[in-house]
Amino acid sequence: MATGTVTISEPDHLMVKKVSFEWTSTTGGSAGDTTTKSCDGHVYRVIVDPGSSNSMPSSGYDIAVNDSDGYDIFDGLLANSSSGTTVQYGVSTGGSVLTPLTTVASRLTLAVTNAGDTKSGKVILYIR
């Protein structure tokens, strides 16, 4: 069930799928929605962008990206997000070895909480 306003962009590419959640919270500080397509593969990068200065979420707001079984695919990594800084998490490279952040095989649900009244931001996933 959608909460707040969330625009999901999930175009298909040959090698990499970019899933973007642009969200605006409700007066209760939450936002969320579920992708229409299944996301299958390894997540190699995630970006959390708290938006512009007038609509930045409250400090320490929480983000979860849940799979269809209800588990946060980042295991709490995006909880207590910074309100003023865009952050990204990517793979660790060991020579030619790339280790994905996580593997997914389901529709994904964004769950933003504690963001404040009508605040906004963006979460972008790169899946291969």
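Return only the number of the condition from (1) in contact with a Cys (Cβ under 9 Å, 6 or more places away or on another chain); (2) surrounded by 15 or more Cβ atoms within 10 Å (Cβ to Cβ) that LEU101 does not satisfy.
Among (1) in contact with a Cys (Cβ under 9 Å, 6 or more places away or on another chain); (2) surrounded by 15 or more Cβ atoms within 10 Å (Cβ to Cβ), LEU101 violates only (1).
Does at least one position in segment 65-80 carry a residue that is crowded, with 17+ Cβ neighbours inside 10 Å, touching a Gly at 6+ places or on another chain (Cβ under 9 Å) and of a type in the set (A, V, I, L, M)?
no
For segment 35-55, enumerate the residues that are within 17 Å of LYS18 (Cβ to Cβ) and polar (S, T, N, Q).
Residues of segment 35-55 that are within 17 Å of LYS18 (Cβ to Cβ), as a first pass: 35-49.
Within segment 35-55, THR35, THR36, SER38 meet the criteria.
Would you confirm, using the coordinates I've provided, whether SER68 is in a loop (DSSP other than H, G, I, E, B) and under 19 Å from THR36 (Cβ atoms)? Can you show your working first?
Working: in a loop (DSSP other than H, G, I, E, B): yes; under 19 Å from THR36 (Cβ atoms): yes.
When the stated conditions are applied, SER68 passes them.
Restricting the search to segment 114-128, which residues are more than 19 Å from THR85 (Cβ to Cβ) and surrounded by 17 or more Cβ atoms within 10 Å (Cβ to Cβ)?
At the first step, the residues of segment 114-128 found to be more than 19 Å from THR85 (Cβ to Cβ) are 117-118, 126-128.
Within segment 114-128, TYR126, ILE127 qualify.
Hey, could you check segment 1-49 for residues that are more than 28 Å from SER59 (Cβ to Cβ) and acidic (Asp, Glu) and say which is modelled with the lowest pLDDT?
Filtering first and then ranking leaves ASP12.
The rows are residues; the columns are (1) touching a Leu at 6+ places or on another chain (Cβ under 7 Å); (2) part of a strand (DSSP E or B).
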| residue | (1), (2) |
| --- | --- |
| GLY29 | no, no |
| THR36 | no, no |
| ASP40 | no, yes |
| VAL46 | yes, yes |
| GLY51 | no, no |
| SER55 | no, no |
| SER58 | no, no |
| ILE63 | yes, yes |
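Give just the number: which of (1) touching a Phe, Trp or Tyr at 6+ places or on another chain (Cβ under 9 Å); (2) open to solvent by less than 50 Å² (accessible area, probe 1.4 Å) does CYS39 not satisfy?
All conditions pass for CYS39, except number (1).
The values are calculated or read from the model by the stated rules, or taken from the named source; none is laboratory data. These numbers were taken from a predicted model, which means no experiment stands behind them. When we count neighbours, we look across all protein chains shown, and the Cβ atoms used for this are built from the backbone with ideal geometry, even at glycine. SASA here: full protein model, heavy atoms, side chains in, ligands and nucleic acids out. Shrake-Rupley method; radii C 1.70, N 1.55, O 1.52, S 1.80 Å.
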